[in-house]
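The values are calculated or read from the model by the stated rules, or taken from the named source; none is laboratory data. These numbers come from a predicted model, not from an experiment. Counting neighbours? That spans all protein chains shown, and the Cβs are built from the backbone with ideal geometry, glycine included. Note: areas computed on protein heavy atoms with side chains; ligands, DNA, RNA excluded. Shrake-Rupley method; radii C 1.70, N 1.55, O 1.52, S 1.80 Å.
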Amino acid sequence: MKILVLNCGSSSLKYKVFDNKNVIAQGGVEKIGLPDSFLKLTAPDGSKVVVENFMLEHTAAVEFVFKEHLLNPKYGVLKSADEIQAVGHRVLHGGMKVTKSCLITDEVVDVIKECAVLGPLHNPANLKGIMAVKELLPTVPQVAVFDTAFHQTMPEKAFMYAIPLSIYKKWGVRRYGFHGTSHRFVSKRTIEYLGLDPNNSKLIVAHIGNGASMSAVVNGKCVDTSMGLTPLEGLVMGTRSGDIDAAAVTFIMEKEGLSPAQMDTFLNKKSGMLGLCGSSDMRDATMKANEGDEDAKRALSAYYYRVKKYVGAYAAAMGGVDAIAFTGGVGENDKLFRAEVLKDMEFLGIKLDAEKNNKVRGEEAVISTPDSKVTVAVVPTDEELMIATDTEEIVNAL
């Protein structure tokens, strides 16, 4: 079965085409909405091809992927779009109505729309991908794989907020957690890679990219995660504030004269690293810091510190930790980030091998010392494979 997988992020789009779970095409669009947006694809000979093109939003990006890669005779991927037998989408939030991977129907589309208020950066982007595919491939079944699914094993003490219970029962206000497809893949792969006992293991997974989250995983099941009702809670991110005093939100609204919608934009799109130093891209922020920009230095320190704090919190919550897995764009590729997060963590039994850490970029590797009580590894995520697997199972069951 040939399956197209789309993973639409807040400013990016990753895609892979699977043929019986073997990748036959892959690439991604970055900086969607910015003048310097571009498509980076992998050619059949393994070389990387970059095609620059301004893509205002995700629908344009999907169309560009089909035109410049999948249906381009130069690459020999597809002779016709009809070869695609199913399309799987990463979808951020299904609220309490949809919590498992499922076939996309009009009712599911309505739920995705309703939950856009809970996932303002991603649900609209996910939906645009779905609508673009529906226009291009109207008869092909589509499957939604929800970010919240892996975190459904959290106990009540982890997902409940200390607010009136009636609000939870009426509106479903609780911690859901996100990046679940990545956390599911990485936690499973880490156990396999390190040879841990799947029925007796304690892991911390750090999915760090423009969006960032962490999870505590006991025996392969999530027991806590950093994101909450929406992807806003938790770590400092590219444009999201992460943890913030709720009273600070109402204070800012009053002083700045912001409506709820404007405050939502303020916290989701104008805060985080962008708000602290003017750049949402860690590469740019690091470059600024290296050039002596004090705002960038301060922002990076806050970014590292928040992750370090969650490592300690989850080690305490689980009563110890066997392994820590770094994944995501920053987690997999930024050696300075990993070093700063794990600095002075020997009290937890964490010993980083600086030489190994400096050599690892985007590849599976152990970066802790042999005598470290906690094994630290870089484990590249493969959300697309998880999505393709779910998609195939659901379509085959039709």
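Quick look at the values:
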quantity	calculated
Given charges at beta-carbon only (K, R positive; D, E negative), |dipole| of the chain in Debye	480
Heavy-atom accessible area per residue - the range 1-146, 1.4 Å, Å²	44
Spherically averaged projected area of the range 64-158 from its Cα convex hull (nm²)	7.2
Helix-only mean residue ellipticity at 222 nm for the chain, each DSSP H run of n ≥ 4 adding -39500 (n - 2.57), per residue, nearest 500	-11000 deg cm²/dmol
Taking the convex hull of Cα positions in the range 1-112, its mean projected area over all directions (nm²)	7.6
Cα-based Kirkwood hydrodynamic radius, the range 105-222, one decimal, Å	16.4
Per-residue ³J(HN,Hα) for the range 84-93, Karplus 6.51 cos²θ - 1.76 cosθ + 1.60, θ = phi - 60°, Hz, x for Gly and Pro	6, 9, 6, 10, x, 10, 7, 10, 5, 10
Accessible-area composition of the range 185-298, carbon plus sulfur, in percent [1.4 Å probe]	52
At 0.890 mPa s and 25 °C, Stokes D of the range 268-398 from Kirkwood alpha-carbon radius, µm² per second	149
Exposed trypsin sites (Lys or Arg not before Pro) absent - longest run of the chain, DSSP non-H/G/I/E/B, at most 10 other C-beta within 10 Å	80-398
Accessible surface ranking that places the most exposed of Leu300, Leu196 first, with a 1.4 angstrom probe	Leu196, Leu300
Label-reachable residues, the range 246-277, where backbone N falls under 17 Å from a point 7 Å from Leu34's Cα toward its Cβ	269-277
Beta bridges per DSSP with both ends in the chain, % antiparallel, nearest 5	70
Simple label model, 7 Å out from Cα along Cβ direction - Asp284 to Ser301, nm	2.3
Stretch gain in nm, segment Lys48-Gln152, where the contour uses 0.36 nm per residue and the Cα spacing is subtracted	33.6 nm
At most 15 other Cβ within 10 Å, DSSP loop - GluC sites (Glu not before Pro), the range 218-324	Glu291
Kirkwood-based shape ratio for the chain, expressed as Rg/Rh from alpha carbons	0.95
Among Val321, Val341, Val379: highest mean-square fluctuation, GNM of the chain, C-alpha pairs under 10 Å	Val341
Extended-chain gain in nm, criterion 0.36 nm per residue less alpha-carbon gap, Glu192 and Val109	26.3 nm
Cα-centred dipole magnitude for the range 317-398, charges only on beta-carbon of K, R (+1) and D, E (-1), debye, nearest 20	500
